[in-house]
Every structure is written in C-alpha cells, then in structure tokens.
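Read through the structure below, which is laid out as structure tokens, and then see the notes.
Each value in this text was obtained by applying a stated rule to the coordinates, not by laboratory testing. Since this is a predicted model, take the numbers as computed values, not measurements. Neighbour counts are summed over all protein chains in view; Cβ atoms, including those assigned to glycine, are modelled from backbone coordinates with ideal geometry.
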Amino acid sequence: MTRDELLESFAVLYLRLNGYFTTGLIVHSDDAHAGNQSEVDVLAIRFPQHRQPDRLVPTDQCMRAPDNRIDVVIVEVKSGVGPLQFNRGLRESADAIAKVLRWVGLFDDRTIEDLVPKVQTALAPNGGGGTQAPIEANGAQVRGVLFAPDRGVRRANQPLFVGGAQMMAYIRTCLSPPAPRPACVVRYDFGLWGQELEPIVRYFKGRQGGDVGGVDDLVRGVLGPGV
C-alpha cells in the first residue's frame, strides 16, 4: 500500500462511518492507446433513512448530508499541498461525467443529459471545486467533495474540503468512544473491516488515552516509519 492509497482508504473509512456506500470507479476510454479516460477516487452514496442510533454518534456536519434525499458524492482525495481541484480527465469531459452518472443507476438518459453540464460546472476549479449548491434530480442530489487529509484549517481563498484533522477526530469518536456505549460494543475482530480498512482501524484502536495523533502519525503507524 502506498501513501496515496492509504489516504484514499482513510477517506473511505470516514465516509463509511458517515453512512455512505463507497466504491472507486474507472471511466473507460474508447481509445485503445489512451488508457482509462478518467477515474473517481471514491464514489459515495448515502440514503436518507440512514441511522445508527446505538452508536450515539451523529453524521459529521462536515459532510452536510441531507435527510430527505439520496446523496451521490464524487470524491477526489488530494494528498500533499498541490492544487485543490478535481482531476482534469473528469472535470473537462462531459462524456466521463455521463458515464459516472449512468453507473450510479438513478437517472435515465434524459435526466443525465440535463445533469452533465451542471455537474461539470460544479467540478470546475472556477466553480468552487464542487462547493456550489448540490444538483437535484429524481429524489437525489449530486455533488463533488474534495478531501485533503494533509491540509489544516481552510483559508478563505480555498475551496471547501474535508481536512485530515476533522477526519481523525470523527473516526476517533466512532471507533474509540470516551465512555462505553450501552448498545454498541467496540471490541470485536478488526479483520471484519476487510483488508483495506483493518490496518487503519487497528491504528485507532491501538492509540491510548484518546490521542490519535495526526495524519502523518497514521501513515507511519500503518506503513512504517520510513514512509
């Protein structure tokens, strides 16, 4: 696992704890020599009736998840301090966006035709990097969300993003509560999280006194000190 792959898995865990089904998605090209047309780091979908009251942890306000419609989120995970924007292969291609929306399976062709230019505008850097109002259709909304695990506090001139400190704090609250939960035992086989998420879960479970450290600590804890 590379550092970038770990940060994508970190985002997947955060989204899963917020009630989202997640997957990656390759957008295939029709050019045999071009490779893939684009990719989506994480495609996340959350249904409006999601709830886990036994956990005693609400959905993180940072996600702005609606409670009256399906939330379809195109996620770009940006490591380091590079530009906070969606990948060019996706944001500049109406065809790629249409393929993503068709894969989701919520929209017919006529609706997709209407949605594509709106989504493309929302994902453009000058459109706020996905910070415009969500685009609604068929009882669902579509939006882009940038994840920047290596970033700290957002500056006024930056697009909205979910930063590493917020992700660390929320996951800690979910996995290592400060007090026992009467209806939600937190000791179990961590392998149940699957190969991708188990090492991240073990990192959080293994920290003492509620101090989970920062993203660099997570990377060293999972990948080793030389990374």
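Computed quantities for the displayed model
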| read-out | value |
| --- | --- |
| Farthest toward positive dipole pole in the chain [+1 Lys/Arg, -1 Asp/Glu at C-beta], among Phe47, Gly213, Asn68 | Gly213 |
| Antiparallel bridge percentage (DSSP; both residues within the chain; nearest 5) | 60 |
| Dipole magnitude (debye, nearest 20) for the chain, charges at Cβ of Lys, Arg, Asp, Glu | 860 |
| The chain: angle of helix 3-17 to the longest principal axis, Cα-based, in degrees nearest 10 | 80 |
| Choice from Gln49, Gln85, Gln166 with maximal GNM fluctuation in the chain (Cα, 10 Å cutoff) | Gln49 |
| Candidates Leu146, Leu13, Leu106: whichever shows maximal mean-square fluctuation once the chain is modelled as a Gaussian network with Cα springs under 10 Å | Leu106 |
| Taking segment 3-220 and dividing mean pair separation by its residue count, relative contact order in percent (alpha carbons under 8 Å, at least six apart) | 19 |
| Charged-residue dipole, Cβ positions (Lys, Arg, Asp, Glu), segment 127-227 about Cα centre, Debye nearest 20 | 240 |
| Cβ-based charge dipole, the chain, positive-most Cα from Ser38, Ser176, Phe86 | Ser176 |
| Dimensionless Rg ratio for segment 1-110, taking C-alpha atoms and the 2.2 N^0.38 Å reference | 1.19 |
| Segment 1-94: trypsin sites (Lys or Arg not before Pro) in DSSP coil with no more than 14 other Cβ atoms inside 10 Å | Arg51, Arg64 |
| Table column - 3J(HN,Hα) (Hz), segment 46-57, Karplus curve with 6.51, -1.76, 1.60, x for Gly and Pro | 10, 9, x, 8, 4, 6, 9, x, 5, 6, 6, 10 |
| Exposure proxy ranking, count of Cβ atoms within 10 Å, fewest first, for Tyr14, Tyr188 | Tyr188, Tyr14 |
| Amide H contacts of Gly19 (H built 1.01 Å from N, under 5 Å, at least 5 apart or other chain) | none |
| Loop-resident sites, segment 163-227, for trypsin sites (Lys or Arg not before Pro), counting at most 14 other Cβ within 10 Å (DSSP) | Arg187 |
| Prolate/oblate/rounded label for segment 76-185 (Cα gyration tensor, a/c 1.5) | oblate |
| Environment charge of Leu84, counting only residues whose C-beta is closer than 9 Å and scoring Lys/Arg +1, Asp/Glu -1 | +1 |
| Cα-based radius of gyration of the chain once divided by 2.2 N^0.38 Å, which approximates compact folds | 1.05 |
